[in-house]
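The values are calculated or read from the model by the stated rules, or taken from the named source; none is laboratory data. Quantities reported herein were computed from a predicted structural model and do not represent experimental measurements. In this analysis, Cβ positions are derived from the backbone assuming ideal geometry, glycine residues included, and neighbour counts consider all displayed protein chains.
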Amino acid sequence: MANLKALSYDLRKNIVDMIVEGKGGHIGGDMSVVDTLIALYFGTMNIGPENQDDPLRDRFVMSKGHCVEALYAVLAAKGFFPIEEVIQNFSKFGSKYIGHPNNKLPGIEMNSGSLGHGLPVSVGMALAGKMDGKDYRVYTVMGDGELAEGSVWEGAMAAAHYKLDNLCAAVDRNRLQISGNTEDVMAHDDLHERFRSFGWNVIDVKDGNDVDQLIVAFAEAKDVKGKPTVVIANTIKGCGSAVMEDKAAWHHKVPTAEEYEQIMKDFAERKEAL
Amino acid sequence: MNKIPNRQAICEVLMEKVKEDKDIVVLCSDSRGSASLAPFAQAHPENFIETGIAEQNLVSIAAGLAKCGKKPFAASPACFLSTRSYEQCKVDVSYSNTNVTLIGISGGVSYGALGMSHHSAQDIAAMSAIPNMRVYLPSDRFQTAKLIEALLEDEKPAYVRVGRNPVEDIYTEENCPFEMDKATVLCEGTDVVLIACGEMVRPAYEASQILKEKGISATVLDMYCVKPLDRDGILKAVQNAKLVVTVEEHAPFGGMGSMVCQTVSANCPKKVVNLALPDAPVITGASKEVFDHYGLNAEGIAKTVEENL
């Protein structure tokens, strides 16, 4: 899957360009979650522009909606809309490419942005699949800071209660949120145990920025019966360039011209080293 | 006296319709009994989802179901559905434009002496402020049934508030004029226009009878469609009237009365008096006692008209 790893650096470049052009965006989380999105859209889900209205398509809900730039980059790479159009218009006056998912755009099922909604909504989608005997799967990606929202756990409870093995959640475990380390803000270190105690199957992905490892995890989740699965992707916020990596300040930051140059250089070098 | 509450009328329609439409799904948050939906849950378990006491989850799950082609009716006490789940109503239902019908049961002060936590006197204001959300307060069981049948025909979000107790019939099975998003004219007069919604329609109608005996003629509008408000119906009715009185089981701000004031003042300015619950926790008592205390009854409405004409 070397091509997907190479793709991740191309998409990282698109994301940074989007944020520079739109003068804002959640760059750190975009960099940590983009590999999960690539693994889902290019190695897991049966979804693309060709089957976007098919009732049997897999469903995806971007629960951490603030990282919409990463989603735009991946959807554009799948052919839902042209990347140039996104970069030129992101966050601009009157644009349809707004700073959180907008389901008037092709490929986006639900609007989000308010945290803690993606999992409960996905529970509804998975229940509908079970009721209709359709074997599509439902995926959602949450941030780790987001897990402080009580509604996440309402959804987690219901997903296990209804034995939704057609539902797979991923947690972008980058350990940083806007105010700092997640363990200082609201600790989640026993995350695996929490999900297990709620009746979930838990898969830990050691390097959540490795597309290969993620694809293996999502494939494994498909075989688990009788319970939902959560894939905990241990990621690095700002992954791709030392300028941004593991720095809470890059939760929402626009690179300066100098930083931009260094970030692009880092992306190119890492892509080259693959 | 009618013994069938509006919530039961909803259940009866859904029980009937689900036989031919398997996409109808009813969701409750440990509220199937309060919502009169236990018979539905029992007869159609495959079309019923229990979320437990988790109103936020109730609404989000309903939105997810709708997005996958289902026609969910999410029923929960109006007090919790409208404010605890407000974020989910706004984002997952309205903003994402999902075909969810939110059923707020035991609305207004139905729960009487249980206190402010159980009263929903803010739901009209809250729900009406959300773009793409429609707000309905049907008056009796026959109109409630017609409304639910109409909502099954479209795919847009809606919030419906009904009370806990049976209310006296206004219409009959044979004679229940209903046009979607058009107020029903109960009687026509020249002096005053009474505009009411939900449980307040019956006392407003009775007030018109009291006033008639005193030589004051009133038009009464059953404004079950609070949003979209029937603007044309209001303007037609108030055109030649001397006074407009609105009556609602809601806080005095942001409800149907406020919306009528906006419409009348911009298009046909004249005196509008809003009768509503106070801007305070309401007095302890059964809902009828509460209504009587605040003049939200036939006598109180008639008195307000006389004082303001």
Tally the residues that are outside any loop (DSSP other than H, G, I, E, B) and surrounded by 12 or more Cβ atoms within 10 Å (Cβ to Cβ), restricting the search to segment A:248-274. 17
Subset of segment A:173-215 [among the acidic types (D, E) and either assigned to a helix (DSSP H, G or I) or without any contact (Cβ under 8 Å) to a residue 40 or more places away in the chain (or both)]: A:E183, A:D184, A:D189, A:D190, A:E193, A:D204, A:D207, A:D212
Which number in (1) of a type in the set (A, V, I, L, M, F, W, C); (2) touching a strand residue (DSSP E or B) at 6+ places or on another chain (Cβ under 6 Å); (3) assigned to a helix (DSSP H, G or I); (4) surrounded by 20 or more Cβ atoms within 10 Å (Cβ to Cβ) marks the one condition that B:A41 misses? (4)
Give segment A:114-166 a look and list any residue that's at the interface with chain B (Cβ under 7 Å from one of its Cβ atoms) and not in a helix (DSSP H, G or I), or say none. A:S114, A:H117
Flag for A:N103 being facing chain B (nearest Cβ under 7 Å), modelled with pLDDT of 95 or more and touching a helix residue (DSSP H, G or I) at 6+ places or on another chain (Cβ under 7 Å): no
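When segment B:189-201 is examined, which residues are found to be closer than 19 Å to B:A121 by Cα and not acidic (D, E)?
Within segment B:189-201, B:I195, B:A196, B:C197, B:G198, B:M200, B:V201 qualify.
Among A:G43, A:G24, which is more than 14 Å from A:H66 (Cα to Cα), over 12 Å from the mean Cα position of the chain (by Cα) and surrounded by fewer than 17 Cβ atoms within 10 Å (Cβ to Cβ)?
Result of the check over A:G43, A:G24: A:G43.
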Quick check: anything in segment B:213-222 over 18 Å from B:E306 (Cα atoms), touching a strand residue (DSSP E or B) at 6+ places or on another chain (Cβ under 6 Å), surrounded by 17 or more Cβ atoms within 10 Å (Cβ to Cβ) and at pLDDT 95 or above? yes
Looking at segment B:78-93 only, could you name the residues that are surrounded by 24 or more Cβ atoms within 10 Å (Cβ to Cβ) and either outside any helix (DSSP H, G or I) or more than 9 Å from chain A (Cβ to nearest Cβ) (or both)? B:A78, B:C79, B:L81, B:S82, B:S85, B:C89, B:V93
Of the criteria (1) surrounded by 22 or more Cβ atoms within 10 Å (Cβ to Cβ); (2) touching a residue at least 12 places away in the same chain (Cβ under 8 Å); (3) β-branched (V, I, T); (4) within 14 Å of chain A (Cβ to nearest Cβ), which one B:I124 fails: (4)
Counting only residues that are within 20 Å of B:I53 (Cβ to Cβ), within 18 Å of the chain's Cα centre (by Cα) and not charged (D, E, K, R), segment A:139-154 contains a total of 1
How many of the residues making up segment B:17-37 are farther than 22 Å from B:S85 by Cα and surrounded by 14 or more Cβ atoms within 10 Å (Cβ to Cβ)? 4
Taking the condition more than 7 Å from chain A (Cβ to nearest Cβ), surrounded by fewer than 24 Cβ atoms within 10 Å (Cβ to Cβ) and touching a Ser or Thr at 6+ places or on another chain (Cβ under 7 Å), does B:I105 pass? no
Scan segment A:237-247 for residues that are among the small types (G, A, S) and either under 18 Å from the mean Cα position of the chain (by Cα) or surrounded by fewer than 21 Cβ atoms within 10 Å (Cβ to Cβ) (or both) and jot them down. A:G238, A:G240, A:A242
Hits in segment B:63-76 (condition: facing chain A (nearest Cβ under 7 Å), crowded, with 24+ Cβ neighbours inside 10 Å and in contact (Cβ under 8 Å) with a residue 40 or more places away in the chain): B:L65, B:K70
Given the residues A:I98, A:I87, which is the only one that is of a type in the set (V, I, T), out of contact with any Cys (no Cβ under 7 Å at 6 or more places or on another chain) and within 14 Å of another protein chain (Cβ to nearest Cβ)? A:I98
Which one of A:D58, A:D17, A:D35 is among the charged types (D, E, K, R), under 16 Å from A:R137 (Cβ atoms) and crowded, with 19+ Cβ neighbours inside 10 Å? A:D58
Which one is surrounded by the fewest Cβ atoms within 10 Å (Cβ to Cβ) among residues in segment B:47-62 that are among the β-branched types (V, I, T) and part of a loop (DSSP other than H, G, I, E, B)? B:I53
All but one of (1) touching a strand residue (DSSP E or B) at 6+ places or on another chain (Cβ under 7 Å); (2) surrounded by fewer than 21 Cβ atoms within 10 Å (Cβ to Cβ); (3) under 28 Å from B:R141 (Cα atoms) hold for B:I283; state the number of the condition that does not hold. (1)
